[in-house]
Amino acid sequence: MKKKMIIGSVAALLLGGAVLTGCGSSTTTNSGNNQGAAGPAKTEDKKPTLTMRLADTHPPDYPTVLGDKKFAELVAQKSNGRIKIDVFPSSQLGEEKAVVEQVQLGAIEFTRVSTGVVADFSKAMGVFSLPYIFDNEEHEWKFLNSAEGNKLLDSLSASRFAGLAYYDSGARHFYSRKPITKISDLKGQKIRVIQNKINIDLISALGASATPMPYGDVFSSLQTGVIDAAENNWPSFDTSNHYTVAKNMILDGHQRVPEVLMMSKVAFDKLSDEDKKLVKQAAQESVQYQRDEWKKFEKKSEEKIRAAGVTITEVKDVKPWQDAVKPTIDKYRAEYKDVLDAIDKARK
Ligand code: GTR
């Protein structure tokens, strides 16, 4: 009886072993982990063996956060639930600059952030803060999707980040507590900008004074008059509630500063080659979804802000604006020559 049981157990063990071996060989993308090996089981049935965090400053329904969530979903799917990415919206993990520092150290694995913020960490990313380098969305994305655009994304590794994908962020416009219907109205105004030296030069070129500060401090600073003005795209102007205190906007579109989805290089280097590919691919596949959500949200934000009675001045001719900020371009032209040439090339 006893002997029979032992034989039975050995047979079960062998059988189990055979099943496991079979599974292992069919899941080479699983980095030797047998989870997710049993065919098309549901992602949520699997226990993750790697959980990472992704920080975003925007609220849960904002198009960048929707992109982040799509990315996390794709990573879970592609890894059969083995890799889990928890998205933390609404600056839960801190203001952007502090988060980027944490990402650089590997304490936070991912962030979606403006390339305007990253410019303070990677000089190459500063190019996107230069004014009027893109004519429109099409021109911008033609460059971002080009070999040169991808090279720029890869260059983040020199600053200890792994650049995964660009996300859309539309165009940025000025808005103020004071009337602004022409360039000269900006003279003398204290304007909040994302901290980087190009932004500071840009504001000086307009005869105004730049006040860099974290995004989360802008609302109260506008409300109390610590600053007169700020600048951003429609969705941020909307969700930050800045439009309730800065009721004048001018559609000058001085910058198109793409967002970037990036990973800590410390965390990236710990992944197997297959997982590195999987993560990069998931990020790239989330881009179209983010861009579609961006378009819808941008339209809704514009409608909401117009309906709220904000005074909005259209800019029919951007030439005088381009002329006014030309000193900024001139100052940085040599530094960014190659990439500016590639951006010009993408126009044709
Ligand atoms: C937004 C961007 C944020 C943040 C913000 C800012 O457009 O999506 O990541 O950088 O601008 O002005 O600080």
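Would you confirm whether or not the range 81-99 contains a residue that is surrounded by 22 or more Cβ atoms within 10 Å (Cβ to Cβ) and either hydroxyl-bearing (Ser, Thr, Tyr) or modelled with pLDDT under 95 (or both)? No: the range 81-99 contains no residue that is surrounded by 22 or more Cβ atoms within 10 Å (Cβ to Cβ) and either hydroxyl-bearing (Ser, Thr, Tyr) or modelled with pLDDT under 95 (or both). Among residues of the range 189-215 that are in contact (Cβ under 8 Å) with a residue 60 or more places away in the chain and open to solvent by 50 Å² or more (accessible area, probe 1.4 Å), those with a Cβ under 8 angstrom from a residue that is within 13 Å of the ligand (Cβ to nearest atom) and part of a helix (DSSP H, G or I), sequence gap 6+ or separate chain, pair up as Gln195/Lys97; Gln195/Val117; Pro214/Glu96; Pro214/Lys97. Scanning the range 241-281 for residues that are part of a strand (DSSP E or B) and among the polar types (S, T, N, Q), we see that the one that is surrounded by the fewest Cβ atoms within 10 Å (Cβ to Cβ) is Asn248. Of the helices (runs of 4 or more DSSP H) contained entirely in the range 150-240, those carrying at least 2 residues that are within 10 Å of the ligand (Cβ to nearest atom) and at negative phi fall at 234-239. Scanning the range 327-341 for residues that are among the basic types (Lys, Arg) and surrounded by 14 or more Cβ atoms within 10 Å (Cβ to Cβ) gives a single hit, Lys331. Take the range 262-305 and flag every residue that is under 20 Å from Gly149 (Cα atoms) and either outside the structural domain of His139 (by TED's automatic domain parsing) or at pLDDT below 95 (or both). None - no residue of the range 262-305 is under 20 Å from Gly149 (Cα atoms) and either outside the structural domain of His139 (by TED's automatic domain parsing) or at pLDDT below 95 (or both), so the list stays empty.
Once the range 100-119 is narrowed to residues that are farther than 13 Å from Leu156 by Cβ and either charged (D, E, K, R) or touching a helix residue (DSSP H, G or I) at 6+ places or on another chain (Cβ under 6 Å) (or both), the residue that is surrounded by the fewest Cβ atoms within 10 Å (Cβ to Cβ) is Glu101.
The values are calculated or read from the model by the stated rules, or taken from the named source; none is laboratory data. Here the structure is a predicted model, which is why all the values come from computation and not from measurement. All Cβ positions, even for glycine, are placed from backbone atoms using ideal geometry, and neighbour counts span all protein chains on display. Just the protein is used for accessible areas: all its heavy atoms, side chains included, with ligands, DNA and RNA removed. Shrake-Rupley method; radii C 1.70, N 1.55, O 1.52, S 1.80 Å.
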